[in-house]
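For reference, the structure discussed in these notes is given below.
The values are calculated or read from the model by the stated rules, or taken from the named source; none is laboratory data. Given the structure is predicted, the values throughout are model-derived calculations rather than measurements. Counting neighbours? That spans all protein chains shown, and the Cβs are built from the backbone with ideal geometry, glycine included. What goes into the accessible areas is simple: the full protein's heavy atoms, side chains included, and nothing from ligands, DNA or RNA. Shrake-Rupley method; radii C 1.70, N 1.55, O 1.52, S 1.80 Å.
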Amino acid sequence: MRGIKSDGMLLCASNDTHEIVEPLMPPKDSVTGERVAYGDDETATQPEPETPNKVQKKKIWEAVQPHLKTNGQKQVVYKGTVMTTGAGPVMAPTLANANIS
């Protein structure tokens with residue numbers, strides 16, 4: 001936007017026709033800037049982030065995105081494992097079983 005490079009990304013849930021699109025919501029008590037993890041406190045693992053150059057060359061987003069969904073409880077999941085913060089799961093406001101992009 002406006003020719004300014006950004007490393008940020010806004011993730012949204014959407015229905016199949018993309019007529020309803022909702023930004024994903026972290027829990028209200030989560031900390032700004034906190035990294036998310038997949039799994040609960042006992043199983044969550046967090047590798048170091050990839051460098052921007054590696055992300056671009058390996059097309060990591062293109063490999064990950066098809067596996068991001070919301071489950072029946074509107075929680076964000078990657079291959080069935082819930083995306084969490086220290087305050088709980090990341091959620092879609094109203095869309096269950098939706099795609100994430």
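What the table shows:
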{"read-out": "Long-range amide H partners of Leu11 with built H, under 5 Å", "value": "Leu24"}
{"read-out": "Tally of Lys pairs whose C-alpha atoms are under 28 Å apart, taken over the chain, 8 or more apart or cross-chain", "value": "18"}
{"read-out": "Amide H within-cut-off set for Val82, under 5 Å, with H built and near neighbours excluded", "value": "Gly39"}
{"read-out": "Residues whose placed amide H lies under 5 Å from that of Met91, excluding near-sequence neighbours", "value": "Met25, Val76"}
{"read-out": "The chain, accessible area per residue, ligands and nucleic acids excluded (1.4 Å, Å²)", "value": "74"}
{"read-out": "Debye, to nearest 20: dipole size of the chain, +1 on Lys, Arg Cβ, -1 on Asp, Glu Cβ", "value": "440"}
{"read-out": "Radius, Kirkwood style, for region 24-101 when every pair of distinct Cα atoms is counted (Å)", "value": "13.3"}
{"read-out": "Contour excess over end-to-end distance, with Cα ends at Glu34 and Ala63 and 0.36 nm allotted per residue", "value": "8.1 nm"}
{"read-out": "Rounded accessible area of Met9 (nearest 10 Å², 1.4 Å probe)", "value": "130"}
{"read-out": "Inter-label distance for Asn53 and Thr85, nm, one decimal - labels placed 7 Å from Cα along Cα-to-Cβ", "value": "3.2"}
